[in-house]
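The values are calculated or read from the model by the stated rules, or taken from the named source; none is laboratory data. Keep in mind that this is a model prediction, so the values were computed, not measured. Every residue, glycine as well, gets a Cβ built from its backbone with ideal geometry; the counts of neighbours run over all protein chains shown.
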Amino acid sequence: MTLALETLPLPADNPFAARWETPFGLPPFSAITPDHIRAAFEAGFARHREEIDAIVADPAPPDFANTIEALERAGRGLSRIGGVFYNLAGADTNPALQAIEREMSPVASRHWSAIMMDPGLFARVDAVFAKRDELGLDAEQMRLLERTHRGFIRSGAQLDADAKAQLAAINERLAELGTKFGQNLLKDEADYALVLEGESGLAGLPDFVKAAMARAATDRGHDGKHAVTLSRSVIEPFLTFSTRRDLREEAFAAWSRRGEMGGASDNRAIVAEMVKLRAEKARLLGFATFAHFKLDDTMAKTPENVRGLLELVWAPAKARAAQEASNLAALAQSEGENGPIRPCDWRHYAEKVRQRTYALDEAVLKPYLQLDRIIAAAFDVAGKLFGLTFAERRELAGYHPDVRIFEVSEAGSGRHIGLFLGDYFARPSKRSGAWMSAFRGQRNFDGERRPIIVNVCNFAKPADGETALLSIDDARTLFHEFGHALHGLLSDVHYGSLAGTSVARDFVELPSQLYEHWFLTKQVMQEYCLHAETGEPIPDALIDKIKAAQTFNQGFATVEYTSSALVDLAFHSLEEPGEIDPLAFEAAELARLGMPAQITMRHRTPHFAHVFSGDGYSAGYYSYLWSEVMDADAFNAFLEAGDIYAPELANRLKRYIYAAGDTRDAAEAYTLFRGRMPTPDALLEKRGLAA
């Protein structure tokens with residue numbers, strides 16, 4: 001029965017018409033075409049609507065099984081399509097897939113608005129909710145009922161007909177705009193390349209940067225040349241090491257101005273309309289601002305609580321950044337640069353100060369950070385903490401030749417846990433950044449279904465036959481995203497709606513940010529950071545330098561991040577945005593905050609994909625800092641135990657955080673692991689901002 005719910009009435013040559021007889025039910029990527037996806041979406045929407053109509057028309061009185069569990073079953077065919085399509089649209093897109101994305105985003109919005117605002121469906125959900133205490137539900141069933149009911153209300157189920165129509169129109173337009181924002185950004189990133197000929201443009205660059213730039217040039221049809229692209233794994237090392245200030249300035253300007261280049265890919269008008277529509281949506285739903293609406297369903301609860309945390313770190317971060325800027329300026333002047341430090345200069349001079357202060361040279365460090373070894377380290381930590389094993393399955397085919405596939409099993413028993421896909425290298429068909437997603441989520445309802453999880457990164461791809469090397473930031477990113485992956489892989493809940501990363505937005509970063517801590521331990525680095533040429537383990541002295549430098553440049557990093565979070569919050573705290581000029585608003589907010597002139601936001605508004613390419617982190621970019629309060633405190637628990645793999649702690653971490661999904665309130669889950677809620681003290685200490 002459950003497998004039949006995932007198949008759709010389509011021609012036999014459409015892969016979505018049948019059960020996938022592939023190992024582990026892996027999507028048959030090579031057999032799926034854009035035409036298959038478009039047809040499958042149409043059939044999926046129709047089938048889902050039929051399933052919803054059947055729930056509404058059920059003559060039996062509404063109960064948990066025929067309403068809430070029936071909703072859990074509905075839409076499985078549509079979910080299977082989405083699991084494939086949205087991952088491809090982000091990680092390996094093409095014009096045909098982008099056309100489907102533009103076409104389907106408003107269709108999907110209309111579809112979901114019609115369901116979530118269906119009066120007959122909500123009447124059944126509301127009736128079950130009203131008698132919830134009489135139903136003998138277990139804790140997870142009660143949580144599912146409460147989350148389902150709340151989801152309908154937050155989607156407008158209690159509005160009158162006119163307000164429902166208005167909200168549905170807003171949702172549809174926001175879906176269109178978010179899709180366009182993301183595609184515009186990808187176009188700007190894919191189109192730009194600063195192509196360099198000869199040696200003069202390579203002044204100051206280590207070999208690993210030159211190699212990455214040569215590969216980037218070749219990928220864009222410029223064989224024998226070097227190119228600076230807008231991938232962080234290329235442009236940040238270029239800005240760090242290039243001694244050509246003119247080229248740093250040119251490249252930084254392009255990086256900073258993504259989404260505001262003018263023409264068809266400019267995102268400024270999109271941002272203005274989205275901010276206005278989000279404010280209207282919040283008012284319709286009874287909230288003062290969009291920030292109040294979004295935060296009402298998070299750990300933070302209110303904009304005031306978020307602003308309080310951000311401002312707690314803002315003042316010490318600015319003070320720290322001012323001292324850092326002074327140090328950079330002194331160094332620049334000693335080298336004959338008498339002008340002020342500019343944003344395009346910061347990384348360059350910060351690296352020089354770091355080398356002088358800590359004798360820590362990234363060019364010396366990078367050979368110890370082989371991609372394959374860092375992947376193995378992430379797997380080994382998961383084995384020691386959670387009893388997992390990872391076996392690469394080279395016979396399985398991913399959606400791109402670069403994708404690697406691993407079977408994840410339980411140590412000892414050999415029980416299958418899931419599949420993990422690693423897609424590590426940058427390419428023009430992939431959006432920037434790094435993320436975790438699922439081709440298939442976990443559930444035990446209607447039989448056990450194990451997850452298929454993917455990590456997508458944008459590391460610089462080496463030349464053929466060469467070893468892929470990472471920076472420290474790259475290695476931490478790999479551990480971060482693998483922490484998200486473990487959140488999906490270890491999920492062990494009954495209902496799919498509550499599985500894995502389906503938690504409060506300001507809790508979802510805890511498993512990922514916490515996992516980063518293990519990479520920086522001496523035990524892990526000594527075992528897995530082996531020199532690419534000599535095979536020698538990283539020296540203790542170098543590890544000590546890395547640890548000593550952890551709070552270096554944290555004024556810059558915290559200002560860069562926190563300014564973005566504060567601007568996000570400011571946009572979405574507007575009650576009546578009107579005809580807003582996004583760049584003027586951004587500039588005014590930064591001026592109010594006293595933003596240092598030498599630093600720019602980590603994500604300027606026209607390319608702030610977290611916030612405007614969809615709704616994920618809108619009014620929620622603060623979440624990384626909120627979760628950092630917990631991750632700093634959580635790892636301290638292992639340090640206090642004197643064992644970074646302390647079994648009892650690891651078991652609680654797995655049970656209450658990584659495996660539990662959204663089966664309980666986030667604060668309750670953290671308290672069950674740690675015994676109490678954290679204070680910001682560990683965060684301030686971690687960032688070197690404590691008084």
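Residues that are farther than 22 Å from Gln98 by Cβ and either in the same structural domain as Trp112 (by TED's automatic domain parsing) or touching a helix residue (DSSP H, G or I) at 6+ places or on another chain (Cβ under 9 Å) (or both) within the stretch 172-202 comprise Leu194, Val195, Leu196, Gly201, Leu202, listed in sequence order.
Exactly one residue out of Ala169, Ala217 is among the aliphatic types (A, V, I, L, M) and either under 30 Å from Phe241 (Cβ atoms) or surrounded by 19 or more Cβ atoms within 10 Å (Cβ to Cβ) (or both), and it is Ala217. When the residues of the stretch 250-284 are filtered to those that are among the acidic types (Asp, Glu) and assigned to a helix (DSSP H, G or I), the one that is nearest to the chain's Cα centre (by Cα) is Glu273. Taken as a whole, the structure places Pro9 among residues that are surrounded by fewer than 18 Cβ atoms within 10 Å (Cβ to Cβ) and more than 29 Å from the chain's Cα centre (by Cα). Mind listing just one residue for me: the one in the stretch 663-685 that is within 22 Å of the chain's Cα centre (by Cα) and part of a helix (DSSP H, G or I) and, of those, modelled with the lowest pLDDT? The qualifying residue modelled with the lowest pLDDT is Leu683.
Here the condition is being in contact (Cβ under 8 Å) with a residue 12 or more places away in the chain and surrounded by fewer than 22 Cβ atoms within 10 Å (Cβ to Cβ); of Ala330, Ala272, Ala300, Ala317, it holds for Ala272 alone. Would a scan of the stretch 47-55 turn up a residue that is hydrophobic (A, V, I, L, M, F, W, C), touching a residue at least 60 places away in the same chain (Cβ under 8 Å), out of contact with any Lys or Arg (no Cβ under 7 Å at 6 or more places or on another chain) and farther than 30 Å from Gln158 by Cα? No: the stretch 47-55 contains no residue that is hydrophobic (A, V, I, L, M, F, W, C), touching a residue at least 60 places away in the same chain (Cβ under 8 Å), out of contact with any Lys or Arg (no Cβ under 7 Å at 6 or more places or on another chain) and farther than 30 Å from Gln158 by Cα. If the condition is being among the hydroxyl-bearing types (Ser, Thr, Tyr) and touching a residue at least 60 places away in the same chain (Cβ under 8 Å), then the stretch 375-434 contributes Tyr399, Ser429, Ser432. So which residues in the stretch 628-653 are surrounded by fewer than 21 Cβ atoms within 10 Å (Cβ to Cβ) and either among the hydrophobic types (A, V, I, L, M, F, W, C) or within 21 Å of the chain's Cα centre (by Cα) (or both), if there are any at all? The answer is Ala637, Phe638, Leu639, Ala641, Ile644, Ala646, Leu649, Ala650. Here Thr562 fulfils each of the conditions (1) surrounded by fewer than 20 Cβ atoms within 10 Å (Cβ to Cβ); (2) of a type in the set (Val, Ile, Thr); (3) within 25 Å of the chain's Cα centre (by Cα) apart from (1). Just one of (1) surrounded by fewer than 16 Cβ atoms within 10 Å (Cβ to Cβ); (2) closer than 23 Å to Asn455 by Cβ; (3) without any contact (Cβ under 8 Å) to a residue 60 or more places away in the chain fails for Asp361. It is (2). Leu510 satisfies every condition listed in (1) surrounded by fewer than 22 Cβ atoms within 10 Å (Cβ to Cβ); (2) touching an Asp or Glu at 6+ places or on another chain (Cβ under 6 Å) except (1). Those helices (runs of 4 or more DSSP H) of the stretch 285-384 in which 1 or more residues are closer than 30 Å to Asp615 by Cβ occupy 290-295, 303-334, 343-358. Checked against (1) assigned to a helix (DSSP H, G or I); (2) farther than 30 Å from Asn184 by Cα; (3) of a type in the set (A, V, I, L, M), Ala60 passes all but a single condition, namely (1). Every listed requirement among (1) more than 14 Å from Ala190 (Cβ to Cβ); (2) buried (at least 19 other Cβ atoms within 10 Å of the Cβ); (3) of a type in the set (Gly, Ala, Ser) is met by Gly262 save one, (2). Given Leu583, Leu590, Leu672, Leu625, which one is out of contact with any Gly (no Cβ under 9 Å at 6 or more places or on another chain) and buried (at least 22 other Cβ atoms within 10 Å of the Cβ)? Sole residue among the options that is out of contact with any Gly (no Cβ under 9 Å at 6 or more places or on another chain) and buried (at least 22 other Cβ atoms within 10 Å of the Cβ): Leu625. What number of residues in the stretch 432-448 are of a type in the set (D, E, K, R) and surrounded by 20 or more Cβ atoms within 10 Å (Cβ to Cβ)? Qualifying residue count, the stretch 432-448: 2.
Residues in the stretch 668-683 that are of a type in the set (A, V, I, L, M, F, W, C) and under 15 Å from Asp631 (Cβ atoms): Ala669, Phe673, Met677, Ala682, Leu683.
Against the definition (modelled with pLDDT under 95 and polar (S, T, N, Q)), how does Ser256 come out, yes or no? Taking the combined requirement at face value, the residue does not satisfy it. The set of residues in the stretch 524-559 that are on the phi > 0 side of the Ramachandran plot and surrounded by fewer than 19 Cβ atoms within 10 Å (Cβ to Cβ) contains only Gly535.
To keep it simple, each residue is scored yes or no on (1) touching a residue at least 24 places away in the same chain (Cβ under 8 Å); (2) more than 22 Å from Glu324 (Cβ to Cβ).
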{"position": "Pro582", "(1), (2)": "yes, yes"}
{"position": "Phe585", "(1), (2)": "no, yes"}
{"position": "Leu593", "(1), (2)": "yes, no"}
{"position": "Ala609", "(1), (2)": "yes, yes"}
{"position": "Leu625", "(1), (2)": "yes, no"}
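For every residue, the table says whether it meets (1) out of contact with any helix residue (DSSP H, G or I) (no Cβ under 7 Å at 6 or more places or on another chain); (2) not β-branched (Val, Ile, Thr).
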site: Val611; (1), (2): no, no
site: Gly614; (1), (2): no, yes
site: Ser618; (1), (2): no, yes
site: Gly642; (1), (2): yes, yes
site: Ala646; (1), (2): no, yes
site: Tyr656; (1), (2): no, yes
site: Gly661; (1), (2): no, yes
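Could you tell me whether any residue of the stretch 41-52 is outside any helix (DSSP H, G or I), of a type in the set (Lys, Arg) and either exposed (fewer than 15 other Cβ atoms within 10 Å of the Cβ) or not assigned by TED's automatic domain parsing to the domain that holds Phe445 (or both)? No, the conditions are met nowhere in the stretch 41-52.
Tell me yes or no: at least one residue of the stretch 191-200 is acidic (Asp, Glu), part of a helix (DSSP H, G or I) and under 29 Å from the mean Cα position of the chain (by Cα). Looking through the stretch 191-200, at least one residue is acidic (Asp, Glu), part of a helix (DSSP H, G or I) and under 29 Å from the mean Cα position of the chain (by Cα). Considering the stretch 562-586, and only residues there that are small (Gly, Ala, Ser) and in a loop (DSSP other than H, G, I, E, B), the residue that is farthest from Asn305 (Cα to Cα) turns out to be Gly578.
Residues that are outside the structural domain of Ala216 (by TED's automatic domain parsing) and more than 22 Å from the chain's Cα centre (by Cα) number at least 2 in the following strands (runs of 3 or more DSSP E) confined to the stretch 392-469: 404-410, 416-425. Within the stretch 481-493, identify whether any single residue is under 23 Å from the mean Cα position of the chain (by Cα), in contact (Cβ under 8 Å) with a residue 60 or more places away in the chain and surrounded by fewer than 24 Cβ atoms within 10 Å (Cβ to Cβ), and answer yes or no. Among the residues of the stretch 481-493, at least one is under 23 Å from the mean Cα position of the chain (by Cα), in contact (Cβ under 8 Å) with a residue 60 or more places away in the chain and surrounded by fewer than 24 Cβ atoms within 10 Å (Cβ to Cβ), which makes the answer yes.
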